[in-house]
1. Quick one: which residue in His305, His292 is in a helix (DSSP H, G or I) and open to solvent by less than 30 Å² (accessible area, probe 1.4 Å)?
2. Residues that are more than 30 Å from Arg161 (Cβ to Cβ) and touching a residue at least 24 places away in the same chain (Cβ under 8 Å), at least 1 per element: which helices (runs of 4 or more DSSP H) completely within the stretch 44-146 meet that?
3. Six or more apart or on different chains, Cβ under 7 Å: which pairs go from a residue in the stretch 203-218 that's charged (D, E, K, R) to one that's away from the ligand (no atom under 13 Å from the Cβ)? Could you list them?
4. Taking the stretch 152-179 as the region of interest, how many residues are closer than 14 Å to Ser127 by Cα and open to solvent by less than 30 Å² (accessible area, probe 1.4 Å)?
5. With the requirement that a residue be at pLDDT 95 or above, within 25 Å of Thr129 (Cα to Cα) and of a type in the set (Val, Ile, Thr), what does the stretch 1-43 give you?
6. Does any residue in the stretch 14-37 that is more than 20 Å from Leu335 (Cβ to Cβ) come within less than 6 Å, Cβ to Cβ, of a residue that is not in a strand (DSSP E or B) six or more places away or on a different chain, and which pairs are these?
7. Could you tell me how many of the residues in the stretch 188-228 are of a type in the set (Ser, Thr, Tyr) and either surrounded by fewer than 16 Cβ atoms within 10 Å (Cβ to Cβ) or within 16 Å of the ligand (Cβ to nearest atom) (or both)?
Amino acid sequence: MEFHYSTYRIRLRHTFTIARSSHDYYDIIFVYLTKDGITGVGEAVPMNRYGEPFDRLLKLALTFDINDLDDSGSLDDWLDQLLPKADSCRSFSMALDTAAHDLWGKLHGEPLYDRLGALPEKTPLTSYTIGIDSIDVIRQKVTEAEQYPILKVKLGTDDDRAIIETIRDCTDKVVRVDANEGWDLETALEMCDWLATKNVEFVEQPLPSSDLESTARLKEQSPLKIIADENCLDSRNIPELADAFHGINIKLMKCGGVREGFKMIQMARELDLEIMLGCMIETSVAISTATHLSPLVDYADLDGHILISNDPYLGATVDGGKLTLPDGPGLGVTLRESVAEPMEEELA
Ligand code: MG
């Protein structure tokens with residue numbers, strides 16, 4: 001098996017702002033695993049919140065070495081050898097895990113959803129994310145999002161109520177709120193009571209991940225469901241979350257890949273936690289990977305590829321909010337015809 005990688009700059013259609021950061025672009029890394037002339041692809045995006053800036057990903061890619069890898073065994077054998085080489089970097093692990101799943105599927109003529117026991121016709125609707133912005137821009141974004149039946153709205157600002165009122169001026173469609181750790185308990189209690197009157201379905205990560213105790217008190221009193229995001233990295237976090245949250249947001253970039261994500265789904269079901277599948281700002285490679293798992297969960301927030309303007313890949317599509325999986329073995333993703341290979345001029 002051979003490894004190579006390329007860097008790529010993904011550009012946002014709109015500046016993307018959440019409670020703690022703002023971006024016009026992200027530099028990302030595609031990794032490729034090749035065996036018998038067949039190549040699988042995976043994607044790592046930086047996650048500064050979790051100590052994984054782009055520089056760390058690039059350093060891992062530059063020094064990555066699989067000369068000692070025995071690729072004669074099963075996909076699990078491959079992952080057992082590959083993932084420890086990611087040096088506990090979750091997004092790089094995700095890229096390796098994805099490329100391995102894609103390559104395995106292509107070599108065996110098996111779409112990833114088949115391997116996972118997921119029915120492609122059961123993909124859920126995805127929400128469409130409205131980042132933090134001025135009231136005028138939010139109004140414009142909500143109008144642009146007309147075809148999406150569910151909005152996910154970023155809060156955690158001084159203008160939270162004005163943002164929601166503006167959206168409610170434009171539409172009565174279902175809204176999911178993500179505060180990205182931006183509230184304290186008092187604010188969260190008030191906001192959950194108020195949001196419950198605004199056709200809001202649930203609130204994601206209202207309080208800092210360090211304050212699980214307050215989140216448990218909020219869960220007792222809130223009329224809205226509370227979903228863990230920053231509190232839920234991988235399966236090791238799940239047992240401590242059941243008392244504080246109604247559900248979890250699984251992001252494959254956070255947990256390190258498909259194998260771990262699938263394990264989290266099984267654990268969450270055993271604990272009666274609801275499950276959302278979320279994403280970072282990502283291309284169709286990572287979004288399609290998550291979409292293969294999406295028939296197994298309750299809610300999808302897989303719109304990262306819609307928010308960028310230069311996605312080099314084609315894969316899972318979104319039409320009227322409905323996620324559709326591509327045909328083909330592995331991930332089923334293909335390079336766009338207009339991009340013969342990830343753009344070298346986009347090198348960071
Ligand atoms: Mg979130």
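1. Just a single option satisfies the conditions, and that option is His292.
2. Because the criterion is at least 1 residues that are more than 30 Å from Arg161 (Cβ to Cβ) and touching a residue at least 24 places away in the same chain (Cβ under 8 Å), the helices (runs of 4 or more DSSP H) in the stretch 44-146 that meet it are 54-63, 75-82, 90-108, 112-116.
3. Between residues of the stretch 203-218 that are charged (D, E, K, R) and residues that are away from the ligand (no atom under 13 Å from the Cβ), the close pairs are Arg217/Leu185.
4. 7
5. Ile10, Ile28, Ile29
6. Phe16/Gly131; Thr17/Gly131; Thr17/Ile132; Ile18/Asn180; Ala19/Gly156; Ala19/Asn180; Ala19/Gly182
7. 4
The values are calculated or read from the model by the stated rules, or taken from the named source; none is laboratory data. Values in this document were obtained by computation on a predicted structure and should not be read as measured data. Heads up, the Cβs are rebuilt from the backbone with ideal geometry, glycines too, and the neighbour counts pull from every protein chain shown. These accessible areas exclude ligands, DNA and RNA; they are computed on the full protein's heavy atoms, side chains included. Shrake-Rupley method; radii C 1.70, N 1.55, O 1.52, S 1.80 Å.
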